[in-house]
Structures are given as structure tokens and as C-alpha cells.
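Participant: Questions regarding the structure given below will be posed in turn.
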Amino acid sequence: MKTTTDFMKMKKDNNKIIMLTAYDYPTAKLAEHAGVEILLVGDSLGMVVLGYDSTVPVTMEDMIHHGKATRRGAPETFIAVDMPFGSYHGSVDTTLANAIRLFQETNAQALKIEGADEIIDVIRLLTRTGIPVIAHLGLLPQSASVLGGYKVQGKTALAAQKLIEDAKACEAAGACMVVLECIPYQLAKTITESISIPVIGIGAGADTDGQVLVFHDTVTYGSHHMPKFVKAFSQAGKEISAGLTQYVEEVKSGAFPAEEHRFTMKDDEYQQLYG
Ligand code: KIV
Ligand code: NA
């Protein structure tokens with residue numbers, strides 16, 4: 001399993017870091033096999049797995065449940081788990097209790113939290129407790145209602161300057177990594193060059209130290225909206241859909257199950273029993 005030290009070295013060596021979300025056992029297994037270096041149990045699971053229209057309804061229990069399943073599928077991979085909406089915004093005691101519970105029960109290597117400003121204190125608190133923290137800046141899905149939707153961030157000089165300062169503050173507070181979501185690639189490049197911890201981009205261009213995507217988007221599994229920054233690397237969703245249609249048709253027509261799918265017993269034994 002790679003460590004935060006390995007990721008620091010990868011940044012120095014310009015060796016791209018591969019992060020992908022995962023929420024369950026089979027996905028984690030496939031991703032580990034493919035060589036994904038960090039699995040993110042993202043609270044995006046609220047949208048792509050649980051069918052909510054934002055990440056806000058996701059609970060601690062949801063994150064623990066999916067974090068544990070992901071860990072079972074990828075025992076050898078660095079796993080980061082998102083702290084869900086509201087779980088790190090109350091008192092220091094509640095935040096710490098939630099973080100410790102999430103970190104311990106999912107057996108994760110890091111937790112991810114969104115934002116800067118008052119969140120900088122949370123990064124420091126968790127890091128000092130012994131929990132590696134991945135900071136998340138730019139588009140913050142948990143704050144989409146305040147940001148006015150899912151929009152590109154950091155487009156004004158003022159907003160860009162704030163993001164550069166926020167990234168530096170995250171590093172100073174002890175964050176082991178920064179995720180930058182949905183910002184102009186020029187700004188992402190500047191931030192990547194401004195801090196010594198790895199920067200993982202999503203919708204942030206090619207100049208960050210690594211990339212992260214949502215699993216369901218990369219394999220087009222599910223019918224949700226595909227943002228501009230996503231590339232479909234597989235048409236698995238279409239394959240699954242075609243397969244399920246065929247299953248329905250074959251059972252209706254009697255083509256399935258065929259002889260090779262059935263169990264049998266000797267005719268004379270059957271005769272003896274049921275004559
Ligand atoms: O929840 C998630 O999938 C994320 C990524 C978009 C970084 O936070
Ligand atoms: Na998230």
C-alpha cells in the first residue's frame with residue numbers, strides 16, 4: 001500500500017497519482033486490480049449510488065457502511081473517506097468523535113473534508129490527532145446551495161487569489177493532499193506549483209499532480225448528468241442494460257434456463273420416489 005510519503009515523492013518525480021471513487025466491494029476490487037493508487041469513498045455516493053440529488057443527505061452511517069465494503073474489496077489500497085455534510089461543522093468534540101469513528105471503523109488511511117476558513121482548524125485538529133487529512137477546495141458539493149449550484153470556481157482574480165491562499169493554509173495546517181474541483185486549469189497549475197503536498201484535480205486540467213473521477217462517470221454506469229470534465233472510459237452501463245433486456249426476453253421466451261443450467265437426477269430414482 002502506498003503512503004502519504006510515497007505520494008509526496010510522486011509529486012516531486014512528476015509521477016501522476018491516480019485516485020478514483022469507490023463505494024463497494026466489487027468496484028474496489030476492480031480498481032485495485034487496475035492499479036488505482038487511492039480509492040476515495042466519496043460522499044458523491046449519495047448521488048450516484050443512493051439516488052439523492054445532492055451530497056447533503058449522506059450520513060456518517062452511510063459513509064461507514066460503504067467505507068467498510070470498499071476496504072474489504074481493496075485491502076492493499078490507500079483509502080480516503082469523505083466526512084459527510086455536517087459531521088465536522090459542530091463542536092470540536094463532535095467533529096473529533098465523528099472523525100475518529102469514521103477513520104477507525106473504515107480502516108481508512110485518510111479523511112477528506114471540504115473548505116478552508118474555519119475548516120483550517122479542523123485540518124489541524126485531525127492531523128494532530130493522527131488522522132491524515134485531504135483538503136477539498138474549489139467547487140464544494142456540500143456547499144452547492146450557497147455557491148449557487150455546481151459551477152466553475154476561482155474565475156475572478158480575487159477568487160483565484162483566495163484559492164491559492166486557502167491551499168497554502170491547508171498545507172500549513174498539515175493536510176497531506178489537496179483535491180481541487182472545477183477550477184480553470186491555469187489556476188490549478190499555479191496552486192500545484194505553490195504547495196509541496198500533492199494536488200489531485202477533478203475538472204482542473206492536466207497540470208495537477210494527479211486526477212480523481214467518480215467511478216460511475218468513468219464507466220457510464222447510471223443515468224445522471226455527465227459534467228464536461230468527465231471522460232467515459234467504458235460503456236459498461238450500456239452493456240449492463242443490454243444484458244438485462246436479454247435476461248427479460250429469454251425468461252419470457254423460455255430460452256433461459258437451458259439444459260446446461262438445470263440440475264438433474266436419475267430417471268429411475270425419480271420414478272421410485274414419485275412414480
Ligand atoms: O465525493 C466525491 O466523489 C468527491 C470527488 C469529486 C473528489 O469528493
Ligand atoms: Na465528496
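Participant: Of the residues in the stretch 202-213, how many are surrounded by 23 or more Cβ atoms within 10 Å (Cβ to Cβ) and within 10 Å of the chain's Cα centre (by Cα)?
Facilitator: Looking only at that region, the number is 1.
Participant: So the check is Cβ under 7 Å with 6+ separation or different chains; which pairs have a first residue in the stretch 44-57 that's assigned to a helix (DSSP H, G or I) and a second one that's away from ligand 1 (no atom under 11 Å from the Cβ) and aromatic (Phe, Trp, Tyr)?
Facilitator: Gly46/Tyr52
Participant: Return the residue satisfying two criteria in turn: it lies in the stretch 93-119 and is among the β-branched types (Val, Ile, Thr) and within 16 Å of ligand 1 (Cβ to nearest atom), and of such residues it is farthest from Ala80 (Cα to Cα).
Facilitator: Ile119
Participant: Yes or no: the stretch 80-88 includes at least one residue that is over 13 Å from the mean Cα position of the chain (by Cα) and more than 16 Å from ligand 2 (Cβ to nearest atom).
Facilitator: no
Participant: Still on this model: Would you pick out the residues in the stretch 32-78 that are among the charged types (D, E, K, R), crowded, with 19+ Cβ neighbours inside 10 Å and either more than 23 Å from Gln211 (Cα to Cα) or modelled with pLDDT under 95 (or both)?
Facilitator: Matches in the stretch 32-78: Asp62 only.
Participant: Still on this model: For the stretch 216-247: of the residues being surrounded by 11 or more Cβ atoms within 10 Å (Cβ to Cβ) and among the β-branched types (Val, Ile, Thr), which is nearest to Val152 (Cα to Cα)?
Facilitator: The qualifying residue nearest to Val152 (Cα to Cα) is Val230.
Participant: Count, please, the residues in the stretch 162-198 that happen to be aliphatic (A, V, I, L, M), touching a helix residue (DSSP H, G or I) at 6+ places or on another chain (Cβ under 8 Å) and in contact (Cβ under 8 Å) with a residue 60 or more places away in the chain.
Facilitator: Adding up the residues that qualify gives 2.
Participant: Please list, ordered by first then second residue, the pairs with beta carbon atoms under 8 Å, 6 or more apart or interchain, first in the stretch 236-259 and without any contact (Cβ under 8 Å) to a residue 40 or more places away in the chain, second surrounded by fewer than 10 Cβ atoms within 10 Å (Cβ to Cβ).
Facilitator: Short answer, once both residue conditions are applied: Gly237/Ser223.
Participant: So which residues in the stretch 172-188 are within 18 Å of the chain's Cα centre (by Cα) and within 16 Å of ligand 2 (Cβ to nearest atom), if there are any at all?
Facilitator: Ala175, Met177, Val178, Val179, Leu180, Glu181, Cys182
The values are calculated or read from the model by the stated rules, or taken from the named source; none is laboratory data. Because the structure is predicted, anything quoted here is derived from the model rather than measured. Reconstructed Cβ throughout: ideal geometry from the backbone, glycine too, with neighbour counts over all protein chains shown.
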